Amino acid sequence: MDVGEKLAQVFTHAKRVVVLTGAGVSAESGIPTFRGQEGLWKTYRAEELATPEAFQSNPTLVWEWYDWRRQKVHACAPNPAHFAIARMEAYYPEFHLFTQNVDGLHRRAGSQKVTELHGNIWRMRCVKEGKVVEDTRVPLEPLPPLCACGALMRPHIVWFGENLDPEDLNLAFGLARQCELFITVGTSAVVQPAASLPIMAKQSGAFTMEVNPEYTPISSYMDLTLLGKAGEILPELIKLFKV
Ligand code: BV8
C-alpha cells in the first residue's frame with residue numbers, strides 16, 4: 001500500500017485521532033506567527049517577554065505586548081483550517097485537539113475537545129491567590145491589571161521555563177501513544193514538550209502527518225508532510241475523504 005492509499009485508509013477509517021496545532025493554523029486568520037517573516041518574535045523581543053523574569057522586572061511592558069496581541073486576536077476570526085478541525089472532532093469517534101496557541105480561535109470555530117497546552121490569552125490570574133478569571137476587555141485599561149486583593153494579575157499563559165499543566169501533559173502523552181492518526185498542523189516543532197508529541201505518536205505506531213508550507217525538524221519522522229497552507233489543505237482533505 002503506498003502512502004496515498006494508506007492516507008486514504010487511515011483518514012477514512014481511523015477511530016482514534018489526535019491533532020496538534022501551532023501558530024500556523026491561525027496565520028490565515030491574520031494572526032502573526034512567532035518565528036515567521038513578520039513573526040511576533042521579530043517585532044518584539046518576545047523570547048524575553050514570554051518569561052516569568054520579564055514579568056517580574058517589567059509587568060507593564062509584558063502586559064502591553066499581551067494587550068496588543070489581544071487586540072489583534074479580537075479583530076480576527078477563525079479560518080477554514082479551524083473549521084475543518086472542528087469538523088474532524090464531530091466525525092471521528094475518539095478525537096482530541098492539542099493546541100500551543102493561546103488565541104482561542106479553535107473554540108470560536110466550534111472545537112470543544114481541545115486542550116490549550118500553553119494557556120489562553122483571554123484568561124489571567126492573581127499572582128498572589130492564583131485565582132483564574134476570564135477577561136475579554138480590549139483594550140485592557142489600566143495596565144497592569146490588578147486583582148481585587150491588590151496584587152498583580154498575570155496572563156494565564158505558560159511562559160518559557162514554566163511547566164505545563166501536568167494533567168494536560170498526561171492526557172497529551174496518553175492520547176499520542178494510543179491514537180491511530182496524528183496530524184500536526186502549523187508548528188515549527190521547536191518548543192518542548194509539545195514538539196515531542198508527534199514523535200511519540202510515530203513511535204507508538206500511529207500514521208503521522210504534518211501540514212506546513214515548510215519542512216520542520218519533525219518532517220523526516222513523519223509518514224507524510226503536506227507542504228502548503230492549513231486553510232487550503234485541511235478543507236481539501238475533509239472533502240476528499242468525506243469527513
Ligand atoms: C518546560 C506562550 C519544563 C507565550 C509559549 C532553557 C530554559 C528553560 C526552558 C528550556 C530551555 N531550553 C529548552 C527549554 C524548554 C522550552 C523550549 O522548548 N524552548 C525552545 C524555544 C528551545 N520549553 C519550555 O520552557 C516549556 N516548559 O519545558 O517546562 C522546564 C522548566 C524549567 C526549565 C526547563 C524546562 C514551556 C513552553 C511554552 C512556552 N510558551 N507560548 C505566548 O504565546 O505568549 S511558546 C510559543 O511557541 C507559542 O506558544 C507557540 O505556539 C509556540 C510554538 O511556536 P509555533 O506555534 O510553532 O509557532 P512558530 O511561529 O514557531 O511556527 C509557525 C509554523 O507555522 C511555522 O512552521 C510556519 O511554517 C507554519 N505556517 C505558517 N503559515 C502557515 C503555517 N502552517 C500552516 N498553514 C499556514 N498558513
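When the C-alpha to C-alpha distance is required to be over 22 Å, the pairs from Lys6/Lys239; Lys72/Lys242; Lys202/Lys242; Lys15/Lys113; Lys202/Lys239 that qualify are Lys72/Lys242; Lys202/Lys242; Lys202/Lys239. If you take the Cα centroid of region 60-112 and the Cα centroid of region 165-198, the two points sit 17 Å apart. Working from Cα pairs under 8 Å separated by at least six residues, relative contact order for the chain is 24 percent.
Extending 7 Å from the Cα toward the beta-carbon at both Val3 and Leu143 defines two label points whose distance is 4.4 nm. Calculated accessible area for region 175-243 comes out at 45 Å² per residue, all protein chains present (probe 1.4 Å; ligands, DNA, RNA ignored).
Considering only Gly130, Ala206, Ile157, and ranking their Cα positions along the charge dipole of region 115-243 that arises from unit charges at the beta-carbon of Lys, Arg, Asp and Glu, the one farthest toward the positive end is Gly130. The alpha carbon gyration tensor of region 162-220 gives principal lengths a ≥ b ≥ c with a/c of 1.5 or higher and a/b no greater than b/c, which makes the shape oblate.
Counting only protein heavy atoms and a 1.4 Å probe, region 64-158 has 44 square angstrom of accessible area per residue. About its Cα centre, the dipole of the chain is roughly 360 debye, where the only charges are +1 on Lys and Arg Cβ and -1 on Asp and Glu Cβ. Rounded, prolate or oblate, given the Cα gyration tensor of region 71-175, with a/c below 1.5 counting as rounded? Taking the square roots of the gyration eigenvalues as a ≥ b ≥ c, region 71-175 is oblate. Whenever you get a sec, compute what percent of the accessible area on region 84-124 sits on carbon and sulfur atoms (1.4 Å probe). In region 84-124, the share of accessible area belonging to carbon and sulfur is 44 percent.
Other residues within the sphere of radius under 10 Å centred on the Cβ of Cys179, judged by their own Cβ, net out at +1 (K and R +1, D and E -1).
Treating r as the C-beta distance of Asn58 and Gln192 and R0 as 22 Å, the FRET efficiency rounds to 0.25. Quick one: grab the alpha carbon gyration tensor of the chain, order the square roots of its eigenvalues as a ≥ b ≥ c, and give me rounded if a/c is under 1.5, else prolate or oblate depending on whether a/b is larger than b/c. Prolate is the answer for the chain, as a/c is 1.5 or above and a/b outweighs b/c. Subtracting the Cα-Cα distance of Thr51 and Arg16 from 0.36 nm times their residue separation leaves 9.1 nm of extension gain. The distance between label points at Lys242 and Asn170 comes to 4.1 nm (points 7 Å beyond Cα on the Cα→Cβ vector).
The angle between the Cα long axis of helix 59-74 and the main principal axis of the chain comes to about 50°, on a 0 to 90 degree scale. A Cβ-based charge dipole, computed about the Cα centre of region 17-160 with Lys and Arg at +1 and Asp and Glu at -1, lands at about 140 debye. Between helix 230-240 and the chain, what is the angle of the helix's C-alpha long axis to the longest principal axis, kept within 0 to 90° and rounded to the nearest 10? That works out to roughly 30 degrees.
The values are calculated or read from the model by the stated rules, or taken from the named source; none is laboratory data. What you are looking at is a predicted structure, and each value in this text was computed from that prediction instead of being measured. Cβ: placed from backbone, ideal geometry, glycine included. Neighbour counts: every protein chain shown. For accessibility, only protein heavy atoms count, side chains too; no ligands or nucleic acids. Shrake-Rupley method; radii C 1.70, N 1.55, O 1.52, S 1.80 Å.
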